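S.K.: Quick one: the structure is below, and I'll ask about it shortly.
The values are calculated or read from the model by the stated rules, or taken from the named source; none is laboratory data. Everything quoted here is computed from the prediction, not taken from an experiment. As a convention, Cβ positions derive from the backbone with ideal geometry for all residues, glycine included, and neighbour counts pool all protein chains shown.
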Amino acid sequence: MKIAFTAPMKPLDHPVPSGDRTMGRLIVKALRAAGHEIEVASTFRSWRKDGSDELQSKVKAEALKEVSRIANTWKYDGSKPDLFLTYHLYHKAPDWIGPALAERFDLPYAIIEASRAPKRKTGNWAFGFAAADTALRQADAVAAIHNADAECLREVVPADRLEVLLPFLDAEPYQQAASTVKPPAAAPLKLLAVGMMREGDKFRSYQVLAGALDRLMQLPWHLTLIGDGPVRSQVVDLFPADRITYLGALGAKELPAQYAQHDLVVWPAIREAFGLVLMEAQAAGTGVVAGNTFGVPDIVRQGETGLLSQEGDVEAFAAHLENVIKNPGIADRLGMAASAYISANHSLEAGAARLNLFARKAVENHKRTQKDQGI
């Protein structure tokens, strides 16, 4: 199947790394592994930090120019795809390109990682919210990335077009890193936190982690921090200098070894959709202590591959950490289970199989709609 792809939230070639960009690239890689031909139809980014009718009207106008460009190309060289696929849309990043092209060329249209916040139906984001809802209603298949998003989508997406498509990753580099036998976890426990250092939810996650570790100063632990960003100095200052190692931002090739060399990955996951870092850690055979946020329970098995606490609960997070620090064997048990769990449920192969079924579902739904409409 020939699939046209776009990512209005963050295009695949965006210079700033993030879980969102990584997941978009993984979707393309998995679809190609499943035998599909993928064309990045557009790298247009509709996401804006601030919202208003005037601002988003201008973004829409820019997007429709992109529609005309793509449509002319398809007409000229006959490269019309079999399916248009959009990754990650919501009120801050609506998709005007996919719906317009799908309607113009009578194409199946599908969306992966849609989210919906009904409170944005009015106010500064009303224009973008309405545009995202229009795309959702037109879509032949919609995949939420976790169950919490699916609940919010049910109001606008029919049940036969909506599903939860669990995230996945290319586990091979992490499994290779984990293949080197490491000694059993022992004091001081080697903790690792990986995350962008920016204001908002990321900084709040670091604050929760710092608050939890502050309660455990009498116990033997050492924390490695990986990440960078505009609040780097504030993040580093949250932790005692003699108990941390700051490595800065590392490239994708360097991360697997870091996961595998540590006993436990710790991340409170404030407002995280699911936490790609938590999947990467588990793939490398390292268990996690994390916040029980949105899609995190979909990728971490409580008590088996990780220990989850209520989002933002410093005391509960500290209690889980204390348990593992005092009983290092728990870290080894979590890590062994985590590696097997990711291989079975969240590998690139598993993701490719799920995406293949999803793409074919969109095509079949489109055919059924055409038949019902007598087309």
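Residue by residue, here is whether (1) under 22 Å from the mean Cα position of the chain (by Cα); (2) more than 20 Å from Glu315 (Cβ to Cβ); (3) modelled with pLDDT of 95 or more holds:
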{"position": "Val208", "(1), (2), (3)": "yes, no, yes"}
{"position": "Leu213", "(1), (2), (3)": "no, no, yes"}
{"position": "Leu216", "(1), (2), (3)": "no, no, yes"}
{"position": "Trp221", "(1), (2), (3)": "no, no, yes"}
{"position": "Thr224", "(1), (2), (3)": "no, yes, yes"}
{"position": "Ser233", "(1), (2), (3)": "no, yes, yes"}
{"position": "Ala241", "(1), (2), (3)": "no, yes, yes"}
{"position": "Thr245", "(1), (2), (3)": "no, yes, yes"}
{"position": "Gly251", "(1), (2), (3)": "yes, yes, no"}
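S.K.: Go through region 280-334 and give me each residue that's farther than 28 Å from Gly251 by Cα, among the polar types (S, T, N, Q) and out of contact with any helix residue (DSSP H, G or I) (no Cβ under 8 Å at 6 or more places or on another chain).
M.R.: Selection gives Gln302, Asn327.
S.K.: Within the group Ala283, Ala318, Ala290, which residue is more than 20 Å from Met217 (Cα to Cα) and buried (at least 18 other Cβ atoms within 10 Å of the Cβ)?
M.R.: Matching residue, one of Ala283, Ala318, Ala290: Ala283.
S.K.: While we're here: For a quick check of your reading of the model, give me the residue pairs whose first member lies in region 94-116 and is closer than 23 Å to Cys152 by Cα, whose second is assigned to a helix (DSSP H, G or I) and among the basic types (Lys, Arg), with beta-carbon atoms closer than 6 Å and at least 6 apart or on different chains.
M.R.: Trp96/Lys60
S.K.: Another question about this same structure. Given the conditions (1) crowded, with 20+ Cβ neighbours inside 10 Å; (2) of a type in the set (A, V, I, L, M, F, W, C); (3) under 19 Å from the mean Cα position of the chain (by Cα), and given that Val59 satisfies all but one, which numbered condition is not satisfied?
M.R.: Status for Val59: all satisfied but (3).
S.K.: I've got another one for you. Go through Arg198, Arg204, Arg154 for me and flag whichever is in contact with a strand residue (DSSP E or B) (Cβ under 9 Å, 6 or more places away or on another chain) and surrounded by fewer than 19 Cβ atoms within 10 Å (Cβ to Cβ). Show your work before the answer.
M.R.: Numbers: Arg198 fails: in contact with a strand residue (DSSP E or B) (Cβ under 9 Å, 6 or more places away or on another chain); Arg204 fails: in contact with a strand residue (DSSP E or B) (Cβ under 9 Å, 6 or more places away or on another chain).
Step by step, each of Arg198, Arg204, Arg154 is checked, and only Arg154 is in contact with a strand residue (DSSP E or B) (Cβ under 9 Å, 6 or more places away or on another chain) and surrounded by fewer than 19 Cβ atoms within 10 Å (Cβ to Cβ).
S.K.: Which residues, taken from region 98-139, are within 22 Å of the chain's Cα centre (by Cα), modelled with pLDDT of 95 or more and among the acidic types (Asp, Glu)?
M.R.: Residue satisfying the conditions is Asp133 alone.
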